[in-house]
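For reference, the structure is listed below as structure tokens.
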Amino acid sequence: MVRALRLVRLVKIQQKLKLGELSERLEDRFGVNPALLKLGKPLVVMGAVAHALTCVFFAAARTHNTSWLDRIDDESDDGEKMKREERITQYLTTMYWAFATMTTVGYGDVYPAKENAAGLVATIISQVLGTMIFAYVIGILVGIVTNLDPAERHRKAEKGYLADFLTEIRDISPTSELLLRVRRNHGYCLTMNGVFDEQGVIELLPPHVRTPSIIYVYRGTLPYLPFFSAIERQHMGAIAIILNRLKSTSYSNGQIINSARIAARELHFVVKGSVSVIYTKNPNKKDGKDGGSKVDEIYGPQTYFGDAMLLVPTGTQFRLKVRVTCSSRSCHCFTLVKDDHETMRGAYSPIVQAIDGEFDHSFIKRWLRF
């Protein structure tokens, strides 16, 4: 009974230690992999159970005149019994039996006497309980190995989802070009946004933490987005609001980004590569002849295009007079959709007014036909 109470006491001590909080502190301070820290909990549990089984088995042996403590040690020169050994030796020997039983090794050198009923009962309980604890520890170890690199695991899962999605698309539209575009954009989105729900986490943060967090997430691409620096100077914290609404897009050489047939209401910020704009009806020619394949405008990194697409009211019908294509091997952009722009207008009107103030309104006449 006393041994059982000690087991309960050990469980309470484990709760008081608050291993979860301790692991979080170690992770924050020393950058230790959280998967490795999780290994400490099952080891503590297994050690506590082994200690409890040790106490129970040793107590059962002492309650009977004939037990494993009365056996003669064959390796001893003077034939001493284990009962005459020091207490630390007895404890370590019993602990050795507990771990051998829990791990189902069972060497058989330490076992209860047949005449000791309490020892036999303790051994049966130890075998059942020990097997359960050992299976629990093995499960924890498998989880740790699986989660050593959670980003890679999530990335493989995303690729699996993409493969299923492409299978459905192939049944609807077997065009290899479409499949390639979907795969390219998906891969670029994973590279820029990561496999975790970073936006969901950031949205839960207070404003004074959210802004530096977003800046850290986009630290590699912010130098290519000088447009937002001007907005940030006018409205502190605007960059955190805008960046969360941008969508990463990727295009290949010759791919049409926008045209009269597509008519996408999107503003593009070029991060890598170049984009060419061809006027299907050259505005500089008064004779009305087609501009042909001549490139009229080129946009590279740190520039943006599509001002007119966001300046035109939502209900207004128009037709694009330009064709925008990727003119480099690949082109990576951040895109602000008209719907997100209007959503910000309702919630953050001063910021949207500042954004509209940076646009060139002359593009409405140059790009659009009403």
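The values are calculated or read from the model by the stated rules, or taken from the named source; none is laboratory data. Keep in mind it's a predicted model, so treat the numbers as computed, not measured. Note that each Cβ is placed from the backbone with ideal geometry, even for glycine, and that neighbours are counted across all protein chains shown.
A few points about this structure:
- Residue ID - farthest from Y216 (Cα to Cα), chosen from residues in the range 241-277 that are among the basic types (K, R) and touching a residue at least 40 places away in the same chain (Cβ under 8 Å): R265
- Among the residues of the range 84-97, at least one is in a loop (DSSP other than H, G, I, E, B), modelled with pLDDT under 85 and surrounded by 15 or more Cβ atoms within 10 Å (Cβ to Cβ).
- Of the helices (runs of 4 or more DSSP H) entirely within the range 266-370, those holding at least 2 residues that are more than 30 Å from L190 (Cα to Cα), basic (K, R) and modelled with pLDDT of 90 or more occupy 363-367.
- Annotation: of all residues in the range 24-38 being within 18 Å of G139 (Cβ to Cβ), surrounded by 14 or more Cβ atoms within 10 Å (Cβ to Cβ) and aliphatic (A, V, I, L, M), the one that is modelled with the lowest pLDDT is A35.
For (1) loosely packed, with under 13 Cβ neighbours inside 10 Å; (2) at pLDDT below 70; (3) in contact with a Ser or Thr (Cβ under 9 Å, 6 or more places away or on another chain); (4) more than 20 Å from F134 (Cβ to Cβ), each residue gets a yes or a no:
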{"position": "A61", "(1), (2), (3), (4)": "no, no, yes, yes"}
{"position": "A100", "(1), (2), (3), (4)": "no, no, no, no"}
{"position": "T104", "(1), (2), (3), (4)": "yes, no, yes, no"}
{"position": "A118", "(1), (2), (3), (4)": "no, no, yes, yes"}
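- Checking V142, V182, V137 one by one, the residue that is hydrophobic (A, V, I, L, M, F, W, C), at pLDDT 80 or above, in a helix (DSSP H, G or I) and under 26 Å from V271 (Cβ atoms) is V182 and no other.
- Of I169, I202, all but one fail to be buried (at least 16 other Cβ atoms within 10 Å of the Cβ), in a helix (DSSP H, G or I) and at pLDDT below 80; the exception is I202.
- Of the numbered criteria (1) at pLDDT below 90; (2) under 25 Å from the mean Cα position of the chain (by Cα); (3) of a type in the set (S, T, N, Q), the one S229 fails is (2).
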